[in-house]
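Read the structure below first, then the notes.
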Amino acid sequence: MRENLHRFFRAARGAGVRVSPAESIDAMRAVAAIGFEDRGILRDTLLLTLAKTQDEKKALGACFDLFFARPQPSQAANENEAAENAEQAVSEQSPSGQSEQGAGAPSSAEDMSALGPLAQMLLSQDRNQIAAAIANAASSVNLSDIRFFTQRGLFSSRILDELGIRRLRDDLDDMLASNPALAERLAMATERLRDDVRDTVSQALLLYGREEAENLRAEILRNAPMARLELRQVEQMRALIRKIARRLRERYSKPRKRPRRGHLDVRRTIRRNAAWGGVPFLTAWKRKHRDKPRIVALCDVSGSVAQVSDFFLLLIHSLHEVVDDVRSFAFSGHLIEVSDLLEANTPEKAMGEIMSKVGFGSSDYGSSLADFEKLAMSAVTPQTTVIVLGDARSNNLDPRADILKRIGERSKRLVWLNPEGRTAWGFGDSEMPRYATFCSVVRQCATARQLERAVSDIVASYQ
Amino acid sequence: MTEHRPAASIEAVESGLAAQGYIASRQIATAVYLADQIEKPILVEGPAGVGKTELAKAIAAWRGLKMIRLQCYEGLDEAKALYEWKYAKQLLYTQILKDKLGEVLGGAATLHAALDQLHDFGDVFFSKEFVEPRPLLQALEQPAGCVLLIDEIDKSDAEFESLLLEMLSDFQVTIPELGTVAAVTAPIVILTSNSERDLGDALKRRCLHLHIGFPEQKLEERIVESRVPGISQTLRKQLVGFINEVRTLDLKKLPSVSETIDWARVLVLLQASELGHEMVKDTLNVLLKYESDIEATLPQVSTFVAKATRQNVFG
Ligand SMILES: Nc1ncnc2c1ncn2[C@@H]1O[C@H](COP(=O)(O)OP(=O)(O)O)[C@@H](O)[C@H]1O
Ligand SMILES: [Mg+2]
C-alpha cells in the first residue's frame, strides 16, 4: 500500500498539487490512522492532508478518481500465486464449463495442463484475475516511470512479456493444429488482453506523464520571450510566475527572528534618570532598530514592454510575505502610483485598470521621471532598492538622465531591467547607455528565467 | 507532554459533535479525527456563517476542554497574542533595585565593572514572574490541554503568521528572554479563515486543510433540526430547498447556514407550517443583507417557492 501511496503522490504532483516530503509523511500517517477500506474517507483524508486550496482539492479529487478507477497491484498475489489460482479456477470450472462453452471448451484436463499459465488464465475468463495479473505485471515493469507518449509501445510490450506472452504465442501455435476452435477463443482473449494492457498504459501515462509534460512545457515557457507570447500562453505564464513566486517565498521567508522586547537597558536607564538622582523613574528598554528597507519599482507599460511589466509586477507583489513594503509606479507618457491597485485587485484586473490609465501611450521617459521626482522622490532613501523596468526607448524626447542620476545617488541600489537584448541597447531611440552610467546594475530581462534571477537577486539583497 | 485520549473513530467524532448540537459532514468529522490522530492543527476555510467558529466550540464542549480564543484583527501583535511584560511590576522592582544599588555595586572597583554588574541584574526583570501570558501562551500552559481557536487569521497581517509557525508545528514558543516554552499537553488547534487574503504556504503546510462550503441539502436540514427544534419537517425541507435556489443566484452575499437558522427561527415565530410567497417576501431581509440582493431575488420568489414546495412532494 505504501507503494501505491507513493505512486499516488507522484500522480498528484503531475496534477499540479505540490507534495513535499513532509506532507507525504503526514499523509501516510493519516492513512495509517484511517485505513484503506473506505474509499470515500481515504479520498477525504488525502484531500485534507495534501491539498492546500480549493483548486488543489478539485485537481487532487479528479486525480484520486482516476488513480483508483483501475485495480491496484495486490501485494499478496504475486505471479506464481496468480498462476496457481488460474489453474484452480480452470479445474473448478471444467466440468460444468464443457456443456456451456460447447466446442470451444477444453476437451480434457490434460489439454489445459499442457498450456502455460497465461493461456490457462485467459481461457478461464476470470476478469478480476486478469486485471490483477495486469496490475502486477505493470508494477513489476515500473509502469509508473512512464513519462512520454512515445513510451507507450515499449511499456505495453514489457507488460505483455511479463505476463508471459511468448509462451502464450507458442501455446496458440500448437493449439491451431490440435484444437482450432479453442485456439480461436484463445486468440480473441489475447486480443482483449492486448487492449486491456494498452488501456492500462494509457491511463498510467495520463497519471504519471503529466508531470514530465508539465516540466517540459514549463522549461520551454521559462525561456520564451515574455513580450511575444500568444494570448493563450499568457495565462500559462502567469501560472509559471506564481510558481516562481512560491519558490522565492520558500527560499527567503525563513521564520524571522523576533527581537527581544523589553530588555532593560541599564546604561540608558541610569543616564535618563540622572536628573532624579538615579531613581529609575523613566526606564529605557532595549530595542533593535530594524532599518526599513524598501523596494520602489518603476514599470514601463507601453507597447511590447507592457507584458513584461505585467509579469514583473505580478511577481514582486506576490512576494509580500518576503518583501513587505514595495511601492510600484507605472508609466508610459506619464507616471502614476499603482501600489494600492495591485494590493486590492487580482493581477488581471489591476493590470486592466493600469493599462486604461497609463497604458498604450507612446513612452516619454523624461516626463515620467519628472512625475516620479515630484510624487515620490522623498520616499527614496539609502535603504531603497529602485528597480526600473523598461526598454529605455523614449521616442527621442529629453530623457532627463539628471533625474535618474539623482535617484541613483539617493538610493541603495538602482537596478535597470531591460526586456531588449544588449545588442539593441543604444540603437535607434534607446537611451540605455546614457541611463546605464547611473545604475548599479543593468540586466536583460526578456524571459521568465531572467526575471526570476533578477528578482531573486533583489530579494536576496533585501534580506 | 501527557496525551489526551484521541477519539475512537470518525463515527465517534460525528456523534460526539452531534451531542453538542453540531452536525458535522463526514469530511469535517474526518478532519477532526485526523487532527487528533496525527496531532496537527486544522485550518478551516470557507465563507462566513458555515460553522467554522462553532466547530471549535463544539469540539471543546464535547471533549470537556477549555476553549481559548484568539480573535485576529489588523495590527494584532505578539504582545496581544503571545505574552506581555508586566511593566508596572517591573517598574516597582526597579525602585527596589535603586534602594539596593549600594549593595549591588559595593564590590565593583571601576565604573565599567559596576555597569556590567547592573547589566546582569537587569536580567532578573525578564523572568517568568514578569510575564503576562496572552492566549497563545495560555493555551500551552493548560495542564489538561485545551482547544485553541485562532479565529479569522486572514484578518491579521501577513507577518503575524510567522509568529504562529513554531506554535503550530511543535506546540511551543520561544520567548527570546526566557527560552522555549513547550505545551504541557498539546492543544487541539483550529484556525479559521474567510479567505480575505491568501495565507502563506508555510502556515498551510503545517495544517490539515479543511474547506467548509454551504452544506448539502440533507445536511442543512439536519442542522436546522438541531438548532431550531420546534420546526416542522415540511417547513424545514421547504426553506432549505428555497435557500439552495437562492444560492444559485449571482448575489453580493449568498445566504449562509447562519441565515438559514435565523430565518427558520423567524418562520417558527410566525407560526408558519409551510412556505408561502407573501411570508417569504416579508421576511427576505432576514436572509439577505443587501438591498440590491433582495431586489434581485424578489422576482424569483414565486418560482423558487414553487420549486421548493414541489420538490417536497417527491423528495
Ligand atoms: N454544522 C452545523 N451544525 C450546527 N450549527 C451550525 C453548523 N454550521 C453552522 N451552524 C450555526 O451557524 C451559525 C454560524 O456559525 P459560525 O461558526 O459563527 O460561522 P463562521 O465561523 O463560519 O462564520 C452558528 O450559530 C452555528 O451554530
Ligand atoms: Mg467565525
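Side notes on the structure shown:
- Computed label-point distance, nm, for sites B:Glu196 and B:Glu166 using a 7 Å Cα→Cβ extension: 2.8
- Order of exposure, largest accessible area first, which applies to B:Leu210, B:Leu269 with probe 1.4 Å: B:Leu269, B:Leu210
- Per-pair calculated FRET efficiency, R0 = 35 Å: B:Glu295 and A:Glu235 via Cβ, rounded to 0.05: 0.50
- Shown here for region A:183-255: GluC sites (Glu not before Pro) in loop regions (DSSP other than H, G, I, E, B) with at most 12 other Cβ atoms within 10 Å, namely A:Glu230.
- When only the Cβ of Lys, Arg, Asp and Glu is charged (+1, +1, -1, -1), the dipole of region B:1-87 relative to its Cα centre reaches about 240 debye.
- In region B:9-48, burial by the other protein chains removes 50 Å² or more of accessible area from B:Arg26, B:Leu34, B:Ile38, compared with the chain on its own (1.4 Å probe, ligands and nucleic acids ignored).
- Cross-link partners for B:Lys128 among the aspartates and glutamates, with Cα-Cα distance under 14 Å and sequence neighbours closer than 8 places in the same chain left out: B:Glu84, B:Glu141, B:Glu177.
- A:Val234 contributes an accessible area of around 20 Å² to the protein surface, as traced by a 1.4 Å probe with all chains present.
- Region A:2-67, accessible area per residue, ligands and nucleic acids excluded (1.4 Å, Å²): 40
- Comparing Cα centroids, region B:13-56 and region B:229-260 end up 22 angstrom apart.
- Over region A:2-67, relative contact order from alpha-carbon pairs under 8 Å, at least 6 apart, %: 39
- Neighbourhood net charge (10 Å Cβ-Cβ; Lys/Arg +1, Asp/Glu -1) for A:Ala350: -4
- Accessible surface of region B:188-315, 1.4 Å probe: 48 percent of it comes from carbon and sulfur atoms.
- Heavy atoms of A:Ile159 accessible to a 1.4 Å probe, total area in Å² rounded to 10: 0
- Heavy-atom accessible surface of A:Thr437, to the nearest 10 Å², is about 110 Å², with a 1.4 Å probe and all protein chains retained.
- Take the Cα of A:Arg406, go 7 Å toward its beta carbon, and the backbone nitrogen atoms of region A:342-378 under 17 Å from that spot belong to A:365-378.
- Interface size, chains A and B: roughly 4100 Å² of accessible area buried, both sides included, 1.4 Å probe, rounded to the nearest 100.
- Using a cut-off of 21 Å between Cα atoms, the listed pairs B:Lys252/B:Lys281; B:Lys204/B:Lys289; B:Lys40/B:Lys204; B:Lys155/B:Lys218 include B:Lys204/B:Lys289; B:Lys155/B:Lys218 as exceeding that distance.
- Rule-of-thumb Rg ratio for region A:336-463 [Cα; 2.2 N^0.38 Å; N residues]: 1.06
- Prolate/oblate/rounded label for region B:149-189 (Cα gyration tensor, a/c 1.5): oblate
- Region A:150-180 and region B:141-170 have Cα centres lying 61 Å from one another.
- Cα centre as origin, Lys/Arg/Asp/Glu Cβ charges: region B:217-314 dipole, Debye: 320
- Reduction of at least 30 Å² in accessible surface, 1.4 Å probe, comparing all protein chains with the chain by itself, residues of region A:35-52: A:Ile41, A:Asp44, A:Leu48, A:Lys52
- Placing A:Phe329, A:Phe36, A:Phe149 in order of accessible area, with the largest value first and a 1.4 Å probe, yields A:Phe149, A:Phe36, A:Phe329.
- Heavy-atom accessible area order for A:Ser378, B:Ser226, B:Ser15, A:Ser309, largest first, 1.4 Å probe: A:Ser378, B:Ser15, B:Ser226, A:Ser309
The values are calculated or read from the model by the stated rules, or taken from the named source; none is laboratory data. Remember, it's a predicted structure, so these values are computed and weren't measured experimentally. Cβ coordinates were reconstructed from backbone atoms using ideal geometry, including for glycine residues, and neighbour counts include every protein chain displayed. Please note that ligands, DNA and RNA were not included when accessible areas were found on the heavy atoms of the full protein model with its side chains. Shrake-Rupley method; radii C 1.70, N 1.55, O 1.52, S 1.80 Å.
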